[in-house]
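Here is the structure we will look at.
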Amino acid sequence: MEVHHHSHHPKKWKEYITEFVMLFAAVTLGFLAENFREHQVIEHRIELNKIAILKDLQSDSSEITRVLASGDRMIEKFNKVNYLLYLAKTKKISQNQLIDSISVIPEFFARTTTLYMNNSSFKNMQSSGLFTSLEESELKHTLSIYYEVDFKGLESLNDFFDQVGNSYNNYLPIGLGSTVREKNKFKTHYTSNDHLVFKNFMLSLPKTRKILASDEFIYEVQKYYNYIFVYHSTLKTAIKSNDKLIKLLKAEIAH
């Protein structure tokens, strides 16, 4: 019996081209699909970070407003003290009048309220590489200014501002001392720890009267008073960046 073998004809070049095109298309589409999926994941993570940063900024806004209000109260208080010291030095009021005027100033001490800005969400965005994926825009630029300039500037000022306030409070511990006694209700143990008794006693001491009449005290007051304005100015710059960022983020998240 004769056996017939089926012959295999070699593929035509068109078939090779077709197979190559189909394989290339499959690989390309797979790559594009994966790339698109990764892009979508990154975009989603960026959106989540934007929402987290917005919450941090809104918290910062409330805190900056509170610290600014505290600074305004200190400016008003030390404005009055400066004027009293000027009147005493120019002999327009007596030392007794100076003592009496200072004795009625409530909480007569440097309340150095400093600002803590929360940058945890921004740091997370940076460390995860998402910040570099953020397209160049006004938002990216303003974020950099707020966290890399304003934030770091305030961080360095906080310690120095606290030092200036502590220096003043240690130089004339009357106001802080009476406030400590009032808040802790120490007068239940000793009459001398009543905040008013303590303040009047301290003001009656010759050393206290000498301090209040000295040029050095005027300098101590000025150092703290001037630095309030330095800190105030930095806070006002920060609140402008904060307001701008909140508006930019709200607009982007809304879309």
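For region 57-94, give me the residue count where each residue is open to solvent by 50 Å² or more (accessible area, probe 1.4 Å), touching a helix residue (DSSP H, G or I) at 6+ places or on another chain (Cβ under 9 Å) and not hydroxyl-bearing (Ser, Thr, Tyr).
6
Looking only at region 140-166, count how many residues are closer than 30 Å to LYS207 by Cα and open to solvent by less than 20 Å² (accessible area, probe 1.4 Å). Quick ask: steps written out before the conclusion?
From region 140-166, those closer than 30 Å to LYS207 by Cα are 159-166; that's our starting set.
Pick out the ones that are also open to solvent by less than 20 Å² (accessible area, probe 1.4 Å) and you get 161, 165.
So the answer is 2.
Identify all residues within region 217-255 that are under 15 Å from ASN82 (Cβ atoms) and open to solvent by 70 Å² or more (accessible area, probe 1.4 Å); write none if there are none. Step through it out loud before you land on a result.
From region 217-255, those under 15 Å from ASN82 (Cβ atoms) are 217-229; that's our starting set.
If the condition is that a residue be under 15 Å from ASN82 (Cβ atoms) and open to solvent by 70 Å² or more (accessible area, probe 1.4 Å), then TYR219, LYS223, ASN226, PHE229 are the ones that fit.
Just to verify a result, which residue in region 68-111, among those that are in contact (Cβ under 8 Å) with a residue 40 or more places away in the chain and among the hydroxyl-bearing types (Ser, Thr, Tyr), is nearest to LEU203 (Cα to Cα)?
Step by step, filter region 68-111, then rank; the result is SER103.
Scan region 41-54 and report the pairs whose first residue is farther than 18 Å from ASN118 by Cα and whose second residue is surrounded by 14 or more Cβ atoms within 10 Å (Cβ to Cβ) and acidic (Asp, Glu), with Cβ atoms within less than 9 Å and a gap of 6+ or a chain change.
Short answer, once both residue conditions are applied: GLU47/GLU252.
How do the helices (runs of 4 or more DSSP H) wholly within region 92-208 filter down when requiring 3 or more residues that are farther than 16 Å from ASP56 by Cβ: which remain? I'd like the intermediate steps shown before the answer.
Details: elements: 95-103, 120-127, 130-133, 138-144, 151-171, 174-184, 195-204.
By residue number, 95-103, 138-144, 151-171, 174-184, 195-204.
Any chance you could count how many residues in region 122-162 are of a type in the set (S, T, N, Q), without any contact (Cβ under 8 Å) to a residue 12 or more places away in the chain and more than 18 Å from VAL67 (Cα to Cα)?
Residues in region 122-162 being of a type in the set (S, T, N, Q), without any contact (Cβ under 8 Å) to a residue 12 or more places away in the chain and more than 18 Å from VAL67 (Cα to Cα): 5 in total.
Pairs only if they're at least six apart or on different chains, beta carbon under 9 angstrom, first in region 167-195 and in contact (Cβ under 8 Å) with a residue 24 or more places away in the chain and surrounded by 13 or more Cβ atoms within 10 Å (Cβ to Cβ), second among the small types (Gly, Ala, Ser) and not in a helix (DSSP H, G or I); list them, first residue then second.
Partner pairs satisfying both residue conditions: SER167/ALA110; TYR168/ALA110; ASN169/ALA110; GLY175/ALA110; LEU176/ALA110.
Under 21 Å from the mean Cα position of the chain (by Cα), at negative phi and open to solvent by 40 Å² or more (accessible area, probe 1.4 Å), is that true of ASN124? Explain how you work it out, then say what you get.
On the way: under 21 Å from the mean Cα position of the chain (by Cα): yes; at negative phi: yes; open to solvent by 40 Å² or more (accessible area, probe 1.4 Å): yes.
Considered against the rule, which asks whether it is under 21 Å from the mean Cα position of the chain (by Cα), at negative phi and open to solvent by 40 Å² or more (accessible area, probe 1.4 Å), ASN124 comes out as yes.
On the basis of being part of a helix (DSSP H, G or I), touching a Lys or Arg at 6+ places or on another chain (Cβ under 6 Å), among the hydrophobic types (A, V, I, L, M, F, W, C) and farther than 19 Å from SER178 by Cβ, does LEU249 make the cut?
Working: part of a helix (DSSP H, G or I): yes; touching a Lys or Arg at 6+ places or on another chain (Cβ under 6 Å): yes; among the hydrophobic types (A, V, I, L, M, F, W, C): yes; farther than 19 Å from SER178 by Cβ: yes.
Answer is yes for this residue.
The values are calculated or read from the model by the stated rules, or taken from the named source; none is laboratory data. Keep in mind that what you see is a predicted model, and the values were worked out from it rather than measured. When we count neighbours, we look across all protein chains shown, and the Cβ atoms used for this are built from the backbone with ideal geometry, even at glycine. For the accessible areas, the whole protein counts, side chains as well, though only heavy atoms, and no ligand, DNA or RNA atoms are used. Shrake-Rupley method; radii C 1.70, N 1.55, O 1.52, S 1.80 Å.
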